[in-house]
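Before any comments, here is the structure.
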Amino acid sequence: MIEIKNLDFHYNKKHKVLSDIDLQLTNGRIVGLLGKNGVGKSTLLHLIAGLQFPINGSITVDEFAPQKRNVAFLQNMFLLGEEVPSTTMTINKFVKINSVFYPEFSQQAFTDYLTEFEITDLTQSMDKLSFGTRKKVHIAFALACNTKYLLMDEPTNGLDIPSKASLRKLLRLAMGDGKLVIISTHQARDLQNILDSIVILDNTNVLISADDALITQKLYFGIAKGDENEEDILYREANVAGDMIVKLNKDGQTSNSDVELLFNAAFTNKEKFKKAFSE
Amino acid sequence: MVSIIRVYNLIKRDLIIPFAIPNRAFFKNSARKVAVWRYALWLPLFAMIMGILYCTHSPMNESPELGPVYGIIFAIVLPYVITREHCKRSNREFALLLPATATEKCLAFAILSLIILPLYSIVSSCIGYYIGMILGNGIFKGTFVVSYIHRDLAVFLSPFVISLMLMIISLNLLLSLLIKNEIVQMIGLFLVFAILGIFPAVLAILKDVFLLPFLTGKTAIYLIYPLISTMLLLGSYVKLKEERA
């Protein structure tokens, strides 16, 4: 479990990035970390991974403080950054020299994941690969490391459409009960159906942190029928099939959540939104 | 507990991906500090010392005045090209989060910095000097003289230069850990270079005034400089351990 208490962080004293963050993330789920540009999503991932240190407050990952970078912690934590390192090594060499650090790494799984991404030639030099292909190699490596905690920063950036589908499939495949995957993304629709929980950051703080089940219990997503109480509607978006709406789910209707609509609803009607989840 | 296997793997890995440059971001909290500019300044300084040593220890009949200048220029370009890729933020972040303890990373770092950096330095300085000598002679005398290259190489690979270089590397590591401001670090390095410059004179005075016959150039090369290097490396290790606590 990841537990964040009263976390403050800034790069520059005048400009706080994260302020008084409280968050609890339990294992066995894929969490979507959403927020506008510059709100601190990547920074939060870096703090959880131990790449940055909290100014105030604490982060605990199981019994570990990430900033201490204990070996046992690092062996169970993988941060896949938005930019992936490029080296002059071949894929084989890259895996050989880095996989030794991760005791749960599976060569077979790595090869299978690459096959899913349609990469079969492991003798290619990493720096000769396109950004998207290099990213796929790193995603496959990250998943094959079998770490308990996997943090991914914009994993779908640079991926083509079939690869995004492959990523969704692989994430589900690689996901075990004890694992926790946190994905920071702007491309909410790319990962629409695989997110179990959503965390939305807003101006240095957490606007909402909820499971999909709770979201659909509190909110209804669907096409407007015209008989809705306007007061209950948090967001409306014109669509070819009619107006898509997010409204307070007072009648206990069932619907499937839509991450992008949820995000827009959260920022269009912040107070109503917060109130709905605090009740 | 230090795992020899992890240290070995780190060395093996970083021999291929040489992160092993004196860069506090390798160990430190944030990977914001880019080492390229410092490394690009460090080696030219090294080349400058080499140039001074070259002039003072190996006076040549046909002096290629421009040699050190070309050496310095070359010494800026080569390490930059070598380290450019490895100093990228994504690479450093990846290295920082590799599962190994601070001690293991320190050990790997120390071993690497005593192998890779001197190698880079010697190679880049040698090549730079050769180009400088050849071009210098070519420009001034119209002849491309290469006959005294072996003499030059002997200066670069002399125990004195290597011993001095190891001390400078360990000093650079400690300074980079003690002083956050990199400008002050450079000033610190300059000051130490100045002290090193008068060190032989100090030795001579101690030898004469205090009648200490064991204080010779060889003592400096084989005892005093390595001793100082060891102390500096130990100091760096202690400092790193403190920072990681």
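The values are calculated or read from the model by the stated rules, or taken from the named source; none is laboratory data. Fair warning: this is a prediction, and the values are worked out from it, not measured in the lab. Cβ placement follows ideal geometry from the backbone for every residue including glycine, while neighbour counts extend to all protein chains displayed.
Mind checking which residues of the stretch A:12-23 are in contact (Cβ under 8 Å) with a residue 24 or more places away in the chain and surrounded by fewer than 17 Cβ atoms within 10 Å (Cβ to Cβ)? Talk me through it step by step, then tell me what you get.
Just the residues of the stretch A:12-23 that are in contact (Cβ under 8 Å) with a residue 24 or more places away in the chain, to begin with: A:16-23.
Of everything in the stretch A:12-23, those that are in contact (Cβ under 8 Å) with a residue 24 or more places away in the chain and surrounded by fewer than 17 Cβ atoms within 10 Å (Cβ to Cβ) turn out to be A:20, A:22.
Say whether the condition of being closer than 15 Å to residue A:83 by Cβ, assigned to a helix (DSSP H, G or I) and assigned by TED's automatic domain parsing to the domain that holds residue A:109 is met by at least one residue in the stretch A:142-161. I'd like the intermediate steps shown before the answer.
So in the stretch A:142-161, the residues closer than 15 Å to residue A:83 by Cβ come out as A:142, A:151-159.
Remaining after also requiring assigned to a helix (DSSP H, G or I): A:142.
Pick out the ones that are also assigned by TED's automatic domain parsing to the domain that holds residue A:109 and you get A:142.
Yes, there is a match, as at least one residue in the stretch A:142-161 is closer than 15 Å to residue A:83 by Cβ, assigned to a helix (DSSP H, G or I) and assigned by TED's automatic domain parsing to the domain that holds residue A:109.
Limited to the stretch A:100-132, what total is found for residues that are acidic (Asp, Glu), closer than 21 Å to residue A:157 by Cβ and within 14 Å of chain B (Cβ to nearest Cβ)? Steps first, answer last, please.
Keep residues of the stretch A:100-132 that are acidic (Asp, Glu), which gives A:104, A:112, A:116, A:118, A:121, A:127.
If we keep only those that are closer than 21 Å to residue A:157 by Cβ as well, we get A:116, A:118, A:127.
Next, only the ones that are within 14 Å of chain B (Cβ to nearest Cβ) stay: A:127.
Count: 1.
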Subject >> Looking only at the stretch A:74-85, and only at residues there that are facing another protein chain (nearest Cβ under 7 Å) and part of a loop (DSSP other than H, G, I, E, B), the one that is modelled with the lowest pLDDT >> reply: A:85
**OP:** Scan the stretch A:1-11 for residues that are away from chain B (no Cβ under 14 Å) and exposed (fewer than 15 other Cβ atoms within 10 Å of the Cβ) and jot them down.
**Re:** A:1, A:3, A:6
Subject >> Subset of the stretch A:1-35 that is part of a strand (DSSP E or B) and among the hydroxyl-bearing types (Ser, Thr, Tyr) - its residue that is modelled with the highest pLDDT >> reply: A:19
Original post:
Looking at the stretch A:97-131, which of its residues are part of a helix (DSSP H, G or I) and closer than 23 Å to residue A:175 by Cβ?
Top reply: A:98, A:99, A:107, A:108, A:109, A:110, A:111, A:112, A:113, A:114, A:115, A:116
**OP:** Go through the stretch A:24-54 and give me each residue that's surrounded by fewer than 16 Cβ atoms within 10 Å (Cβ to Cβ) and either among the hydroxyl-bearing types (Ser, Thr, Tyr) or over 19 Å from residue A:77 (Cβ atoms) (or both).
**Re:** A:26, A:36, A:37, A:38
Subject >> Within the stretch A:41-73, considering residues that are among the polar types (S, T, N, Q) and in contact (Cβ under 8 Å) with a residue 40 or more places away in the chain, the one farthest from the other protein chains (Cβ to nearest Cβ) >> reply: A:60
